[in-house]
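Read the structure below first, then the notes.
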Amino acid sequence: MITMRNFLVCALFYLFCSCSETFEPEADLVGFEYFPLEIGDFRTYQVNQIIFSLLEDPDTSDFQLKESVVDTFSTGDQLHFVLHRSTRMSPSDKWSLDSVWTSRRTENHAIVVENNIPLVKMVFPVRLNRVWDGNIFNSLPPDDYEITEIGAVYQTPAGSFSDVLTIFENNDPDTLIYQDIRQVVYAKEIGLIYKRLSILDFCNTDPECLGILESGTKFEQVLIEYGKE
């Protein structure tokens, strides 16, 4: 027969074990695999960019962009990854270094420093309809990002990717005054596979020009190759 004393001893032992045991989150549940970081990783994209201005014809350019993880450095206990971003006009051309970004991943955030501006590209755990401020670590105005889809299949020239993650960094389709649409798609173990943005300013000072495009940029970036080097 279990006495009250034995019951209390067992209960205290169970409570101690439960409190002292810690569990690390599984990567596939948190979403780390959508934002992999490892030296040697590279991704190559085909890019189409159109720049609009009121006084000139649209300036269209097509080029390739390669992003390579080349090094790391530490600040305190945080590991940062160095990203070399190189461009070329065609596959027969040599790569030319365009810019150097850094990236890091914490338990809660995936952060990319673009042109010295830290942006929160993803938050963990990933969850459908989750919203966060992409500018929380810089001085820019708040900018709400939202996870709008998880689990779809996405096709690029680099292949077919299942269970992708789609984020809208902004989705304001208004075409009367200002349009700001920024969408990114991430694949597991690969990272960014697609990006598009449409940031356009329209005339709104004169009824006769209302809705006429004055300036802006359209940009599309599609993964064509990835791997390790």
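Would you mind stating whether Val69 is at pLDDT 95 or above and surrounded by 14 or more Cβ atoms within 10 Å (Cβ to Cβ)? It is true that Val69 is at pLDDT 95 or above and surrounded by 14 or more Cβ atoms within 10 Å (Cβ to Cβ). Against the list (1) part of a strand (DSSP E or B); (2) surrounded by 14 or more Cβ atoms within 10 Å (Cβ to Cβ); (3) over 13 Å from the mean Cα position of the chain (by Cα), the condition Phe137 fails is (1).
Tell me, please, whether a residue that is part of a loop (DSSP other than H, G, I, E, B), modelled with pLDDT of 95 or more and among the aliphatic types (A, V, I, L, M) can be found in the range 185-193. Step through it out loud before you land on a result.
Quick first cut of the range 185-193, residues part of a loop (DSSP other than H, G, I, E, B) only: 188-190.
Filter again for modelled with pLDDT of 95 or more, leaving 188-190.
After this cut, where a residue has to be among the aliphatic types (A, V, I, L, M) as well, the list is 190.
Checked against the condition, which is being part of a loop (DSSP other than H, G, I, E, B), modelled with pLDDT of 95 or more and among the aliphatic types (A, V, I, L, M), the range 185-193 yields at least one hit.
Within the range 18-42, being at pLDDT 70 or above and in a loop (DSSP other than H, G, I, E, B) holds for Gly31, Phe35, Pro36, Leu37, Glu38, Ile39, Gly40.
When residues in the range 146-161 are screened for being touching a strand residue (DSSP E or B) at 6+ places or on another chain (Cβ under 7 Å), free of Cβ contacts under 8 Å to residues at least 24 places away in the same chain and open to solvent by 60 Å² or more (accessible area, probe 1.4 Å), 3 of them pass.
Beta carbons closer than 9 Å, at least 6 apart along the sequence or on distinct chains, pair a first residue in the range 69-85 that is in contact (Cβ under 8 Å) with a residue 40 or more places away in the chain and assigned to a strand (DSSP E or B) with a second that is of a type in the set (A, V, I, L, M) and open to solvent by less than 80 Å² (accessible area, probe 1.4 Å) for Phe81/Leu37; Phe81/Val69; Phe81/Val70. In the range 28-65, the qualifying residues are those that are under 15 Å from the mean Cα position of the chain (by Cα) and closer than 16 Å to Phe161 by Cβ, and the one that is surrounded by the most Cβ atoms within 10 Å (Cβ to Cβ) is Tyr34. A single member of Ser198, Ser215, Ser162 is over 19 Å from the mean Cα position of the chain (by Cα), hydroxyl-bearing (Ser, Thr, Tyr) and assigned to a strand (DSSP E or B), and it is Ser215. Within the range 120-145, residues that are free of Cβ contacts under 8 Å to residues at least 60 places away in the same chain have Cβ atoms under 7 Å from residues that are open to solvent by 90 Å² or more (accessible area, probe 1.4 Å) and not charged (D, E, K, R) in these pairs: Val120/Ile136; Val120/Phe137; Asp133/Pro142; Asn135/Pro141; Asn135/Pro142, counting only partners at least 6 apart in sequence or on another chain. In this structure, Ser53 qualifies as of a type in the set (Gly, Ala, Ser) and at pLDDT below 95. Starting from residues that are out of contact with any Asp or Glu (no Cβ under 9 Å at 6 or more places or on another chain) and of a type in the set (Val, Ile, Thr), keep the ones in the range 72-86 and report whichever is surrounded by the fewest Cβ atoms within 10 Å (Cβ to Cβ). Taking the candidates together, the pick is Thr75. Looking only at residues of the range 170-229 that are free of Cβ contacts under 8 Å to residues at least 40 places away in the same chain and of a type in the set (S, T, N, Q), we find that the one that is most open to solvent (accessible area, probe 1.4 Å) is Thr205. Given the criteria at negative phi and in a loop (DSSP other than H, G, I, E, B), does Lys94 qualify? So Lys94 passes the test.
The values are calculated or read from the model by the stated rules, or taken from the named source; none is laboratory data. Here the structure is a predicted model, which means the values were calculated and not measured. Please note: Cβ atoms are built from the backbone with ideal geometry, for glycine as well, and neighbour counts cover all protein chains shown. Side chains are part of the model used for accessible areas, which takes the heavy atoms of the whole protein and leaves out ligands, DNA and RNA. Shrake-Rupley method; radii C 1.70, N 1.55, O 1.52, S 1.80 Å.
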